[in-house]
Each structure stands twice: as C-alpha cells, then as structure tokens.
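Asks: A single structure is presented below for examination.
Since every read-out is calculated from the coordinates, none of them should be taken as a lab result. The structure displayed is predicted, hence computed values, not measured ones. Cβ placement follows ideal geometry from the backbone for every residue including glycine, while neighbour counts extend to all protein chains displayed.
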Amino acid sequence: MANQLRFQLKQSKLAILFQLTLLLVMLCMMWWLFNFWIWCAICVSALIGYFFFCRQPKINTIEQLDQKTWSLQYVEREKVYSFQLDRLIDHQIYMIIYSQNPSLSLIIWCDQVSQQEWKRLKVMTKLL
C-alpha cells in the first residue's frame with residue numbers, strides 16, 4: 001500500500017510550455033502598448049525573472065503518510081519535509097496540493113507522473 005501512495009515527479013514539459021506561452025502572449029500585447037525601448041527593457045527583465053523563477057528547487061518525491069499527512073523531498077536536498085494537506089484541487093491537466101504551510105503547496109502536472117499514478121491522484125482528489 002505504501003508504494004501506491006508514493007509519487008516520483010519528473011520535470012514537466014507542459015508547465016514550461018504553458019509558462020513560456022503566457023510570457024510570449026504578454027510580451028506581444030506589450031509590443032502594442034509601449035515604444036520599442038521600453039518593450040526591450042520589459043523583455044529583458046521578464047526573461048531574467050523567468051530564469052530566476054526556474055532556479056527554484058524541484059520536487060523529486062511526494063508521499064502520503066497518513067490521511068492528511070504528506071511528505072516531499074526536493075531533488076538536491078537530503079531533508080524530507082512533512083506537511084498537513086489542506087485540500088487537493090483537480091484542474092484536469094494539473095493538480096494543486098494546498099498545505100497548511102503555504103510555502104509547501106505545490107502543482108503537479110499530468111506529464112510529471114505516469115498515467116496510472118495520475119489516475120490514482122484523481123481518485124484521491126475525489127476522496128478528500
């Protein structure tokens with residue numbers, strides 16, 4: 001049973017595509033609003049901000065320990081963090097796991113886990 005409640009997360013290509021698409025749409029809209037030099041400054045600052053955002057630690061494993069108690073481990077860290085699940089929301093292509101500590105809340109995209117694990121997460125969403 002413990003193996004069924006452990007999820008190894010991969011890097012999400014869908015999340016990167018979604019973020020870059022939104023960034024591109026916003027930059028295209030700003031092209032019409034601002035003159036060229038202001039738009040260039042916005043582009044540079046947006047790209048710098050995006051790369052700093054990408055440097056956030058990546059989650060390697062999440063595991064359900066109890067009904068509301070979960071643990072997570074980051075890729076480059078040995079420490080395992082434990083948190084209390086507040087709610088789990090399914091948005092079809094991604095799920096949001098809200099914890100009582102907002103810094104430990106996370107988003108899981110459908111391409112980060114296998115299809116079988118994704119179905120288990122969907123069932124858990126309905127049960128919680």
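Asks: Based on Cα positions only, what radius of gyration and what Dmax would you give for segment 30-85, in angstroms?
Replies: Calculated on Cα positions, Rg and Dmax stand at 19.3, 55 Å.
Asks: Going through the cross-link list Lys10/Lys122; Lys68/Lys122; Lys13/Lys79, which pairs have a Cα-Cα distance over 20 Å in this structure?
Replies: As for pairs spanning more than 20 Å Cα to Cα, those are Lys13/Lys79.
Asks: Turning to a different aspect of this structure: Just report the Cα centroid separation between segment 27-51 and segment 58-128, whole Å.
Replies: That distance is 34 Å.
Asks: In the chain, if the dipole is taken from +1 on Lys/Arg beta carbons and -1 on Asp/Glu beta carbons about the Cα centre, which of Phe34, Ser103, Phe51 is farthest to the positive end?
Replies: After comparing all options, I get Ser103.
Asks: What are the trypsin sites (Lys or Arg not before Pro) within segment 52-128 that DSSP puts in a loop, where the Cβ has at most 15 other Cβ atoms within 10 Å?
Replies: When the trypsin sites (Lys or Arg not before Pro) of segment 52-128 are filtered for loop state and at most 15 Cβ neighbours within 10 Å, Arg55, Lys58, Lys68, Arg77, Lys79 remain.
Asks: Further question on the same structure: Determine the equivalent ellipsoid of the chain by diagonalising the alpha-carbon gyration tensor, then write out the semi-axes as square roots of 5 times the eigenvalues, largest first, rounded to whole Å.
Replies: Numbers: eigenvalues 233, 50, 33 Å².
Working through the eigenvalues yields semi-axes of 34, 16, 13 Å.
Asks: Also: Highest GNM mean-square fluctuation, the chain, Cα pairs closer than 10 Å: which of Gln11, Gln84, Gln100?
Replies: Among Gln11, Gln84, Gln100, the largest GNM mean-square fluctuation belongs to Gln100.
Asks: Please get the size of the charge dipole for the chain, origin at its Cα centre, with Cβ charges of +1 on Lys and Arg and -1 on Asp and Glu, quoted in debye to the nearest 20. Present the calculation step by step, with values, prior to reporting the outcome.
Replies: Details: 13 positive and 8 negative charges, 35 e Å.
For this selection, approximately 160 debye.
Asks: Continuing with the same structure: Can you tell me the 0 to 90 degree angle between the C-alpha axis of helix 115-127 and the longest principal axis of the chain, rounded to 10?
Replies: 80
Asks: How large is the translational diffusion coefficient of segment 14-54 in µm² per second when you combine the Kirkwood radius over alpha carbon pairs with Stokes-Einstein at 4 °C and 1.567 mPa s? It would help to have the intermediate numbers written out before the result.
Replies: Numbers: Rh = 10.6 Å.
Rounded, D is 122 µm²/s.
Asks: What does the charge count around Gln11 come to, taking other residues whose C-beta lies under 15 Å from its C-beta (Lys +1, Arg +1, Asp -1, Glu -1)?
Replies: Charge balance in the 15 Å sphere: +2.
Asks: Semi-axes, largest first, in whole Å: what does sqrt of 5 times each Cα gyration tensor eigenvalue give for segment 58-127? If you can, show how the numbers build up before the last one.
Replies: Details: eigenvalues 67, 43, 24 Å².
Here the semi-axes work out to 18, 15, 11 Å.
Asks: Also, I was wondering about something else. Note the angle between two axes, namely the Cα long axis of helix 13-33 and the longest principal axis of the Cα atoms of the chain, as a number of degrees from 0 to 90, rounded to the nearest 10.
Replies: Once rounded, one gets 30 degrees.
Asks: Between Phe53 and Cys40, what is the label-point separation in nm under the 7 Å Cα-to-beta-carbon projection?
Replies: Using points 7 Å along Cα→Cβ, the separation is 2.4 nm.
Asks: Tilt of helix 36-54 relative to the longest C-alpha principal axis of the chain, in degrees (0 to 90, nearest 10)?
Replies: 20
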